[in-house]
Ligand code: 5GP
């Protein structure tokens, strides 16, 4: 069965897109740790990051770096943190999280954003790409 992220890639589930190439997609996490929390995924559906072929892994990191640099310009924060977990969605994704405190990295306290906030922040990050 297609992962929820493959359904986002196919446009069957809506998302707030930040960046897209032929092989990768960046979109806002729907339950963000902080405003601007973004997920970068390969369009190729693979569960675990270290099972990716080396070229896709390297390209995913390059893509994530570009998006992280744009997030840092778009969102006031001390730095952008990068985390890979994958316990919830079995489709490789890199979390890029604007960090101000260690709490932002803990996946315990969540930011509450409205649809307008998601749209505005996705657009703002895209504008720095
Ligand atoms: P992980 O698999 O790394 O533990 O977490 C999966 C992440 O995907 C979570 O932060 C969760 O909020 C996010 N997520 C799960 N389902 C959706 C969805 O349908 N849309 C978006 N944009 N994010 C999702």
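Bear in mind these aren't lab numbers, they're just calculated from the coordinates by the rules spelled out. Here the structure is a predicted model, which is why all the values come from computation and not from measurement. Glycine gets a Cβ as well: all are built from the backbone with ideal geometry, and neighbour counts include every protein chain shown.
Structure values in brief
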read-out	value
Directionally averaged shadow of the range 28-92, computed from the convex hull of its alpha-carbon atoms, nm²	4.5 nm²
Mean projection area, nm², convex hull over Cα of the range 1-43	3.1 nm²
Length-normalised contact order for the range 1-82 - Cα pairs under 8 Å, 6+ apart - percent	20 percent
In degrees, nearest ten, helix 54-74 long axis to first principal axis of the chain (Cα)	20 degrees
Inter-part distance where the range 83-120 and the range 1-16 are each reduced to a Cα centre, Å	18 Å
nm² value of the averaged projected area, convex hull over the Cα atoms of the chain	7.5 nm²
The range 71-129 - Kirkwood radius from inverse mean 1/r over Cα pairs (Å)	12.8 Å
Peptides ranked, highest mean first, by Cβ atoms within 10 Å: ranges 120-129, 52-61	120-129, 52-61
